[in-house]
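What follows is a set of notes on a single structure, which appears directly below.
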Amino acid sequence: MAASTFTFSGFSTPEELDPLGIWDLVISPVVPYAAGSDDRGLIWRVDHPTSSREAETALLAQRAKVEQWEYSLDAAARRLADLSPVTSYALGFGAPEAELLAQIAALQSPVLSYGLGEAATAAYHEVYEQANALLLQFKRLIHHFARIETATRGVSVALTAVDWTGDYETVWLDGATASDMGLHLEAVRLALESRHALLRLISVVTSGALSLTLKASVPGGQVLLLPAVYNYVRSILKELERQRPSEPVRTGRLGTVEAGYAWNAGPGSGS
Amino acid sequence: MSDALKGTSEALYTSDLVFNGVNAVTGDYGQPPLSPRTLARLIRGEPFPQDYREFVDRQRLLSGLTTVEERLTRVTDAQVELRATEDKVRRDELRRKAREWGVYPVKPGAGDPANVADVGWAAVFPAEMHPRLREEIKEALRPLFDLRRTQAGEFFRLYEGGDAYRPGERKDQFLERLGVGPGLVDPREMPFYVLLVGTPAQIPYGFQYQLDVMRGVGRLDFGSDVDAYDRYARAVVAAEVNRSHGGTVPRRAAFFAPMNPGDKATKLSAQYLVQPLYENLSQQTIGNDLALSVPWEVGTPIVGEKLATRVRLEALLGGDPAQTPALLFAACHGLEFPAGHPAQLRQQGALLCQDWPGQGRDVAREHYFAGEDIADSADLQGMIAFFFACYGAGTPELDQFAAQAFKVREKIAPQAFTAALPQQLLAHGALAVLGHVERAWGYSFISPSGQLEHQSFITAMRTLMNGGPVGLATDASFNMRYAEMSSDLSADLEELRWDPSHLDDYELAHRWTANNDARSYVVLGDPAARFTLVQEAAEPKQREDVGTITRSEPRSEPPQVPEPEIQEPEEPAPTEDSAKAGVGTVQFAASQAAAGPSTPLRGQPMPRPWAGAALRPHGHERLATEPATRVAVLDADAAVAFGLGDQFNRLRDSLRSFTDQLATSLGRAAQDIITLDVKTYSTKDIAAVAAALDARNEVDANLRALTRVAFDGDLQVYVPETSAGDRQSGNVDLALWEIHRSMVEEAQHSRARFLATMAELATRLLDSLQIGS
C-alpha cells in the first residue's frame, strides 16, 4: 500500500531539505531560493492513499518525530552554548564543532590581516549571500499564514488557514467522514508543531550566532555567523538522529488520539 | 464525640465553609466562604449561574489589583477525561496494593522502607534546567549525593539528561519512559526516596503529588542560589554524620497556633488539631498509635492571645536558640496575594500571627512572619517544621479549585513557586519542611459526623519523632489518605452522574476537601532526611555550625550510618579564581581538611570548577564580562575596510526587515489578542476554496460554526445544524460540532505556544540588533 505523503511549500533551506526530515519541500521553479516572492504563503499538505488506521499511525509517527527533534534541538543548543572559540580552536572538539570553529577562524582572519585576497573576498560574498537567503526564509516563516490541507485518495477533504494571531478557519468537504476529520485535525497539529519547531530552530541559530559573536569578535557579527551556526546545528541534529535507535510510536500518544477519534466520531458512528 | 465538638460540627454544616488563607491586600479570606451546597455543585461541575458569578467575580476583583497578562487557561474536556483516567489508575494502584500485601509501600522482599540501603535514593532534575546551573547544583549537592550513594549503593540514581523530567510529562509517562511500572516500589526499577531538584514550574506540583503516592518524594528548590544548595547539603550530611558520632539536637517539639479574633478557621485548628495533637504526642505510648522510641520534650501549645505572636514565632525560628525546637508544628492562616503582586513571590504563604486583629481588618507587615524575616544568624540545623497553612509550602500557577466547575482556571500566580519561608528554613540548616501547596481547609480534620480526623498528622509526627525519614512519615499518612480519598471521590463522582441521591452535598463537600487537602501536603527537602536521635544521650549537644562543618568526636561504638566513600577528586591545583571563590567555598574546603578520616567529608577540597560563579548572578555572567561594544565597532569598520560595505549593509537591512516583520506581527497580535475566532465551513469543492485563497478572492463556503473566545474567558458560540431540513427541528450536527470544538482547543493551545516563541525570538533579535548596529 502506498504511504501518506507530506509536502511543504513556500519555504526553503540552503540544502533544500526540511530540517525536520518530515516534509518534502516543494521548491517552485519560478521562485528561486531566497527570492521570497511566492505570495501563496506556507502550505502543508498531507495526502493519504486511504482514510485508514495506517494514515493515522503515519501522522502520529511524524508527530513523535517532531517531538524527538525538539529534544535534539535542545541538546544542540546546549552544545552550542558550551562552545568557546576563545579557549581552543582545535583540540577536544567533535567534527561539527571543529568545522564551525574553523569557519569562525576564517571569518576572524581579516581582523588580523587587512590583506584580503580575491579568494577571500569571494568567500565572504558567498557567506553574505547565504546569510541573506536564510534571513529571507526566516522572514517568510513568520510573515505568512499557515495553511494545512488534507487529501484522501487525491481528493481534498479539508483545509485550515491559521493566521498570525491564531484565528482558525477550516473548510470541510461536504460529506467528510469522522475519520477524515480526525486525520485532518492530526495534520493541523503536525503542521503547527513543525512550524513551531522551525521557529525554535531560528531562535537557537540566532541566539547561538549572537553568543559566538560576543565570544569570537567576528567582523560582520551575528548575521555573518548565521549560516555557519545553522549548518552546525543541522550537523548536530543529524548526528543525534544517527545515534538514536528507531522507536515505535508511543502508546500514550496514540491513546490520546484514539480518545480524540471517539469524540469526533460522535455517537454511533463507529469510526 | 464530645457535645462541644458535636455542636461545632453541626454549626459547620449549617454555615459557610472557610478556607485557611487570608488575602494580604484586602484582609479578607482569600477564598470566599462557600455554603456546602454551593461547594458540592462546584465539585460536581454543575454550578448554578449565581455560583459562577460569586466565585469568578471575587477572583476578578482580586486579580484587578494587579496587572497580569494571560490570566486564563482553559480546561478542556480532554483534560477532564484525563483526570478521570488518572483517578482510575490510582484506584488500580490501591487494588493492586491490597492484593500484593507486603511491607507497604515497597514490594515484598525489598527490605525496610525506612532504610535507604534497602529501598534506594534518587534525584530527578528537570530537562528545562540550564545545563550549567544543573552542574553547579550537582556540585553543591555533592556531599549529600555522596552520602546517599554510599548508603544506597546500586540503588542510587540521578535522573538527568535523557532521563530528566521533561516538560508536561505526567507521572505515568515519566515512569513508563524509564521502564518503571505502577504499583509497589521495586528499588531496582526506581528508588523509593526521590528528591526533585528544581522549581515547581520546571517539575510541577501535580507530578510531585502523584509520584508521592507510592514513593517518598521531596523537593529542593533554591532557584539559582547555588550557595543555598551547598549549605543545605552540608547541613543534612552533618546531621547524619553526627548521628553516628553521638551528636544530636534537643528533642523538643513546639506547637504554635494563633486564634485570631472572630476567625473560625484558626479557632478550629487550635482547638481540634493542635490541642489533640499535643495531647497525643506528649505521651510516649497511647492506644495503638506508634510508640515513641525516645522521650521528647513536648511543650505546651503556644496558642492565642499574647502568646502566638510574631515575636514568639521569630524566636522559635532561630531568633532565640534556647526556644528553637527540633520539631515545630504551626497551624495558622497562610498569606495570599493577588497573582503578580510584587510581594507574592517573597511573602505568599507567610504565617499570619496572633497580631492580626481578624477578618476584614488590614493585614500589616508586622502581623506576619515571612522568609525574609529569618535572621541571617538563625541556626535551624536539624529542625523539621510542619506548617498547616494555605500556601505554606508553595503555590501552583493555576487555581486548583475551579477546574471541575467552570472549565476555566484562574491564574493565581505568574508561575508555580515554592514558598520563601521554607526555602529560608532549609537554607539555614533545617532538614525538611512539610507544608501545604495551595489552599488548606481547616475543616478537613473533622468529619461530617463530628469525628476528629487527625490520624494522618499523628502518624506523620510520631514517625518523625522516632527518627523515620520524612518521606516515609508522609507516605503512611497523608499520601495513603490521599490515595484512598481520591479513589472514593472518583467512584462517588462517577456514581453521582447516574444517581444524584448517591451522596448528599455535605458528604461530597467533605470528601472533595479532604482529598484536596491530603493531596497537597508536600515535603520540601531531602525525603530521606531524618532526626538525629541517640537514645542514651541525656544532654543533647549544641547545634553544629552549618557554615563551618567540623569533625565530631567519634563514638566508641561503630557508626550506625555507613560511611560514605568519597572518591578522591581529581582536583587541579588551586587557582587564583578558586582562591577568590567566596566565603562558602573557602569554609567548606577548610572544614573538609579538618574533618579527619572518619567523616564523609574527608580528603581534599571538593572540586568546584565553577568556583567564583556563586558570587555572581547566574545566567548572563558571560554577557556581562565579554566586550560587546568592541564587537559592534569592529563590525562596521571591518566590513567597509574590506570592500564589502554594500553587501554588509544589505545583510543588515535583511536582518532589520526580518526583525521589523516580527515586531509588526507581534504588535498586530497584541491588538487582536482580545479575541480568538475559530470558524468552521463546509463546501462542495475544497480545491476551489484553495484557489480562491491563492487569488485572495472571496471564498464560497457555508459558515457552519463559530466560536469567539474573549480574553476574559467569555464565549460566543454558534453551533451547526445538521442540514437545511433539520433546521426546523434545531438538531445539531454532532460530528461537525465535535471537530469544531477540537479545533477551538487546538487554536487556543497553538496560539499561546506560538506567541511565546515569537516573543522570545523577537527579544533575542532585538538584542542582537542593538549589538550589531
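The values are calculated or read from the model by the stated rules, or taken from the named source; none is laboratory data. This is a predicted model, so every value here is computed, not measured. Positions of Cβ are backbone-derived with ideal geometry, glycine not excepted, and every protein chain shown enters the neighbour counts.
Considering every residue within the stretch B:436-451, establish whether at least one is at pLDDT 90 or above and either on the phi > 0 side of the Ramachandran plot or not in a loop (DSSP other than H, G, I, E, B) (or both). Within the stretch B:436-451 (the criterion being at pLDDT 90 or above and either on the phi > 0 side of the Ramachandran plot or not in a loop (DSSP other than H, G, I, E, B) (or both)), the answer is yes, since at least one residue qualifies. Would you be able to say whether some residue in the stretch B:311-319 is part of a loop (DSSP other than H, G, I, E, B) and not polar (S, T, N, Q)? Taking every residue of the stretch B:311-319 in turn, none turns out to be part of a loop (DSSP other than H, G, I, E, B) and not polar (S, T, N, Q). Can you spot a residue in the stretch B:357-367 that is assigned to a loop (DSSP other than H, G, I, E, B), charged (D, E, K, R) and touching a residue at least 60 places away in the same chain (Cβ under 8 Å)? Yes, the stretch B:357-367 has at least one match. Pairing residues of the stretch A:194-210 that are touching a residue at least 12 places away in the same chain (Cβ under 8 Å) and within 10 Å of chain B (Cβ to nearest Cβ) with residues that are of a type in the set (Gly, Ala, Ser) and part of a helix (DSSP H, G or I), at Cβ distances under 6 Å and at least 6 apart in sequence or on separate chains, gives A:VAL204/A:ALA77; A:LEU210/B:SER768. Restricting attention to the stretch B:274-300, which residues are part of a loop (DSSP other than H, G, I, E, B), touching a residue at least 40 places away in the same chain (Cβ under 8 Å) and closer than 16 Å to B:LEU452 by Cβ? Matches in the stretch B:274-300: B:ASP289 only. Of the residues B:PRO191, B:PRO187, the single one that is modelled with pLDDT of 95 or more, assigned to a loop (DSSP other than H, G, I, E, B) and buried (at least 19 other Cβ atoms within 10 Å of the Cβ) is B:PRO191.
Considering the conditions (1) surrounded by 18 or more Cβ atoms within 10 Å (Cβ to Cβ); (2) in contact with a helix residue (DSSP H, G or I) (Cβ under 9 Å, 6 or more places away or on another chain); (3) not β-branched (Val, Ile, Thr), B:LEU316 is excluded by exactly one of them, (2).
I'd like to check which strands (runs of 3 or more DSSP E) are fully inside the stretch B:651-765 and have at least 2 residues that are within 10 Å of another protein chain (Cβ to nearest Cβ) and either over 21 Å from A:ARG147 (Cβ atoms) or at pLDDT 65 or above (or both). Write out each step before concluding.
Values: elements: B:675-683, B:702-710, B:715-718.
Of the strands (runs of 3 or more DSSP E) lying wholly inside the stretch B:651-765, those with at least 2 residues that are within 10 Å of another protein chain (Cβ to nearest Cβ) and either over 21 Å from A:ARG147 (Cβ atoms) or at pLDDT 65 or above (or both) span B:675-683, B:702-710.
For the stretch A:163-184, a residue qualifies if it is within 9 Å of another protein chain (Cβ to nearest Cβ) and under 23 Å from A:GLY21 (Cβ atoms), and exactly one does: A:HIS184. Scanning the stretch B:109-134 for residues that are of a type in the set (Gly, Ala, Ser) and in contact with a strand residue (DSSP E or B) (Cβ under 8 Å, 6 or more places away or on another chain) yields B:ALA110, B:GLY120, B:ALA122, B:ALA123, B:ALA127.
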